[in-house]
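*Asks:* The structure's right below; bear with me while I get my questions together.
Please treat every number below as a calculation from the coordinates, not as lab data. Please read all numbers here as calculations on a predicted model, not as lab measurements. Glycine gets a Cβ as well: all are built from the backbone with ideal geometry, and neighbour counts include every protein chain shown.
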Amino acid sequence: MNTQLVIFDLDGTLLDTIGDLAVACNAVLAVRGLPQHSYEEYCHFVGNGILRLVERALPEPLRTPENVALVRADFVKYYTEHIDTYTKPYAGIPELLAELVRRGIRVAVASNKFQAGTEKLIRLFFPDVEFAAVFGQRPDVPLKPDPAVVEEILARTGTPKEQVLYVGDSGVDMQTARAAGVRSAGVTWGFRDRAELVEAGACALVDRPAELLGLL
């Protein structure tokens, strides 16, 4: 294989963000006197953008568009201010990125997290890595598993699909790669289990970041 570009999901792939996501969401629920959720529950709430996270966290009778929009706004404010309290790179990720750069392989991020949050986390945790693109959720761009964000990265970098590896921790990520026509690697250290990755059509599974080097 001749991989020239590796596109990474962010949450559950490069960074363990679930602690800050859970605390932020529970904080805005608590202010409203609403039931809160465990970290394990949040692992299944995330992956489809902040709007869906908030929707899933709210009691079903309160999941009106107006309520979801209000809680989302409060969540984004709180989360942005406390975005790196518990968040950290997964073991081996900084070394993996450094090795990819050393080999001349370009790296990019495609996340369903809102754009400002995605950019802030990349600046905080990977300030020395030159990413070809860092894309989160943006107006008028469909969320994954729609392949639009991957296609945008391919167009920006001029990389043929056969030279791309997409890396993520969820079924949504594997579906995104398949829809974009690129190879996928499902990572088992993230928020979802192996069965979900296999069912969603992962081309390969890896248990440690260094194993990705064998797929290039």
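*Asks:* Run the numbers for Leu124 and Asp193: contour at 0.36 nm per residue of separation, minus the present Cα-Cα distance, in nm.
*Replies:* Result: 22.1 nm gained on full extension.
*Asks:* For the chain, what is the mean residue ellipticity at 222 nm derived from helices alone (per DSSP H run of n ≥ 4: -39500 (n - 2.57); sum divided by total residues; nearest 500 deg cm²/dmol)?
*Replies:* Helix-only estimate at 222 nm: -13000 deg cm²/dmol.
*Asks:* Compute the separation of the alpha-carbon centres of region 1-39 and region 179-211 and state it in Å as a whole number.
*Replies:* Rounded to whole Å, the Cα centres lie 18 Å apart.
*Asks:* Please give the charge dipole size of the chain, origin at the Cα centre, charges +1 on K and R Cβ atoms and -1 on D and E Cβ atoms. Round to the nearest 20 debye.
*Replies:* Its charge dipole is roughly 320 debye.
*Asks:* Answer rounded, prolate or oblate for region 141-216, using the Cα gyration tensor with square roots of eigenvalues a ≥ b ≥ c: rounded when a/c is under 1.5, else prolate when a/b is larger than b/c, else oblate.
*Replies:* In terms of gyration-tensor shape, oblate.
*Asks:* Rounded, prolate or oblate: which fits region 18-81, taking a ≥ b ≥ c as square roots of the Cα gyration tensor eigenvalues, rounded meaning a/c under 1.5, else prolate when a/b beats b/c?
*Replies:* Rounded shape, in that the Cα axes give a/c under 1.5.
*Asks:* Here is a follow-up. Given R₀ = 45 Å, what would the calculated FRET efficiency be for Lys77 paired with Arg103, taking r from the Cβ atoms and rounding to 0.05?
*Replies:* Result of the calculation: an efficiency of 0.65.
*Asks:* Let me ask you something else. Mind giving me the FRET efficiency for Val141 and Ala204? R0 is 30 Å, r the Cβ-Cβ distance, nearest 0.05 is fine.
*Replies:* 0.65
*Asks:* Under the rule a/c < 1.5 gives rounded, and otherwise a/b versus b/c splits prolate from oblate, where does region 64-151 land using the Cα gyration tensor?
*Replies:* Since a/c reaches 1.5 but b/c is at least a/b, the shape of region 64-151 is classed as oblate.
*Asks:* Let me know the number of lysine pairs in the chain closer than 22 Å at the Cα, not counting same-chain pairs under 8 apart.
*Replies:* 8
*Asks:* Hey, another quick one. With springs only between Cα atoms under 10 Å apart, run a GNM on the chain and tell me which of Glu99, Glu66, Glu196 wobbles the most.
*Replies:* Looking only at Glu99, Glu66, Glu196, the biggest GNM fluctuation is shown by Glu66.
*Asks:* Here's a follow-up. Which residue fluctuates the most in the chain, going by a Gaussian network model with Cα springs under 10 Å, if the choices are Ala177, Ala30, Ala22?
*Replies:* Sorting by GNM fluctuation, first place goes to Ala30.
*Asks:* Which residues among region 3-32 fall inside the zone where the amide N is under 20 Å from a point 7 Å beyond the Cα of Leu70, along Cα→Cβ?
*Replies:* 24-32
*Asks:* Something else about it: Could you point to the residue in Val23, Gln36, Val71 farthest towards the positive end of region 18-81's charge dipole, with +1 and -1 charges on the Cβ of Lys/Arg and Asp/Glu respectively?
*Replies:* Sorting the options by dipole projection puts first Val71.
*Asks:* Still on this model: What is the calculated FRET efficiency for His37 to Lys161, with r their C-beta to C-beta distance and R₀ = 41 Å, to the nearest 0.05?
*Replies:* Once the sixth-power term is evaluated, E becomes 0.60.
*Asks:* Hey, another quick one. Counting Lys and Arg as +1 and Asp and Glu as -1, each charge on the Cβ, what is the dipole of region 18-81 about the Cα centre in debye, to the nearest 20?
*Replies:* With Lys and Arg at +1 and Asp and Glu at -1, about 140 debye.
*Asks:* Can I ask one more? For a paramagnetic label modelled at 7 Å from the Cα of Ala179 toward its Cβ, which residues of region 1-31 fall within the zone defined by backbone nitrogen distances under 18 Å?
*Replies:* Residues passing the 18 Å test: 7-11.
*Asks:* Still on this structure, please answer the following. Given springs between every Cα pair under 10 Å in a Gaussian network model of the chain, which of Leu96, Leu21, Leu165 has the largest fluctuation?
*Replies:* Leu96
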